[in-house]
Amino acid sequence: CFLTSQHAKNTAIINMMKLATYAALVGSAAAFAPAQTGRVSSAVSETKADLETLAAKANPVVKFFDPLNLAEAEFWGTSNEATIGFLRESEVKHGRVAMFAFVGYIVHANGITWPWPMTLSGEPFPQVSNAPEAWDAIPEAAKWQIMLFVGFLEAWRESQGTHYMKGGKIGYF
């Protein structure tokens, strides 16, 4: 009976320590939350003048920088505002892909893999030193699965709400 009550006390202490740790982590998470700065949301129809104003606020040293004069372009016979929407969405999307690729490269360079098998047949993840080797080492079916998933995300994004070339919010996924 003594062991049972001692075990119950130990379990209660461990549970209290877990709760205290959880409470500390939740409380400290507020320190990493972004501060509300009253940022203005993206304009529905942006012009070159809107971009110049936004650039001056975002980087007062460089201000507006468009060496290829893309802010005055009209792609595919659309309006200038639609082209600006397309270019801004492309910039955000490609920036996200680049960040994801960088993390993937670092993960593979450090030999980090999932702990479970890569395939249903039990084949493990390849032990490689960089991302191109990992891509070459995975089965063709896995490559198709990745490509089809990315294609699904692209199609889904294009079909949601107001399109970014028609005044929708850029970068919204």
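For Lys169, the amide hydrogen comes within under 5 Å of no other amide hydrogen, counting only partners 5 or more places away or on other chains and with H modelled in the peptide plane.
Annotation: amide H-H contacts under 5 Å for Phe125 (H modelled 1.01 Å from N, sequence separation of 5 or more, or interchain): Met118.
Calculated FRET efficiency, Lys143 to Ile14, Cβ-Cβ distance, R0 = 45 Å: about 0.50 to the nearest 0.05. Summed over the residues of region 79-173 and divided among them, the accessible surface reaches 71 Å² per residue at a probe radius of 1.4 Å.
The stretch between Ala58 and Trp76, if pulled fully straight at 0.36 nm per residue, gains 3.6 nm over its current Cα-Cα span. Evaluating 6.51 cos²θ - 1.76 cosθ + 1.60 at θ = phi - 60° for every residue in region 75-82, the Karplus couplings come out as 6, 6, x, 8, 6, 5, 5, 5 Hz, glycine and proline recorded as x.
Of all lysines in the structure, those lying under 18 Å Cα to Cα from Lys166, and not within fewer than 8 positions of it along the same chain, are Lys48, Lys93.
Maximal additional length on extending the Asp136-Phe173 stretch stands at 10.3 nm, based on 0.36 nm per residue less the C-alpha distance. Each label was represented as a point 7 Å from its Cα along the Cα-to-Cβ direction; for Val107 and Ala49 these points are 4.7 nm apart.
The values are calculated or read from the model by the stated rules, or taken from the named source; none is laboratory data. Worth saying up front: this structure is predicted, and the values here are computed from it rather than measured. Don't worry about glycine lacking a Cβ; one is built from the backbone with ideal geometry, like all the others, and counts go over all protein chains shown. These area figures cover heavy atoms from the full protein model, side chains too; ligands, DNA and RNA do not enter into them. Shrake-Rupley method; radii C 1.70, N 1.55, O 1.52, S 1.80 Å.
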